[in-house]
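Report on the structure given below.
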Amino acid sequence: MEREKTYLRFNENKRLRAVSERKLSKSKSDKQDKFLPVVSLATEFGFSISLPIVGGAVLGQFLDNKLNLAPKMTLSLIFLGLFIGIANIYLIIKEYSQNQNQ
């Protein structure tokens with residue numbers, strides 16, 4: 001028969017109280033449940049901005065070399081990628097806010 005471990009913690013009123021081991025593990029999982037969606041959203045932001053810009057730069061460089069247009073296609077596609085990245089961020093924020101309201 002195992003004994004449940006208890007720890008002393010301060011509560012919101014700055015008073016010590018005994019907390020069981022089960023409650024501590026639950027609070028750690030609550031922190032993880034809040035942390036992982038934030039990391040996921042930040043990663044999605046990064047990829048949504050960087051991939052269209054890098055894709056535009058690579059495709060623009062390729063087209064500039066093939067068509068001898070110097071920096072015209074590269075710059076045009078980088079700005080197009082920037083516009084697409086900003087539009088992606090807008091859509092992600094809109095979807096996230098709709099999910100938070102439900």
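Throughout, read-outs are computed from the coordinates displayed, never taken from laboratory work. All values reported here derive from a predicted model rather than from experimental measurement. Note: ideal-geometry Cβ built from the backbone for every residue, glycine included; neighbour counts use all protein chains shown.
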Give me the distance in nm between label points sitting 7 Å out from Cα along the Cα-to-Cβ direction at Ser76 and Ala57, one decimal.
2.0 nm
Calculate one ³J(HN,Hα) per residue across the stretch 40-52 by plugging θ = phi - 60° into the Karplus curve 6.51 cos²θ - 1.76 cosθ + 1.60, and present them in order as whole Hz with x for glycine and proline.
4, 5, 5, 5, 5, 4, x, 5, 5, 8, 6, 5, x
Two-site FRET efficiency, Leu69 against Glu44, from Cβ-Cβ distance with R₀ of 25 Å, rounded to 0.05:
0.15
Modelled label-to-label distance, Gln102 and Leu36, 7 Å Cα→beta-carbon offset: nm?
2.0 nm
Total charge of the residues flanking Phe45 in space, meaning their Cβ is under 14 Å from its Cβ, with Lys and Arg +1 and Asp and Glu -1, is -1
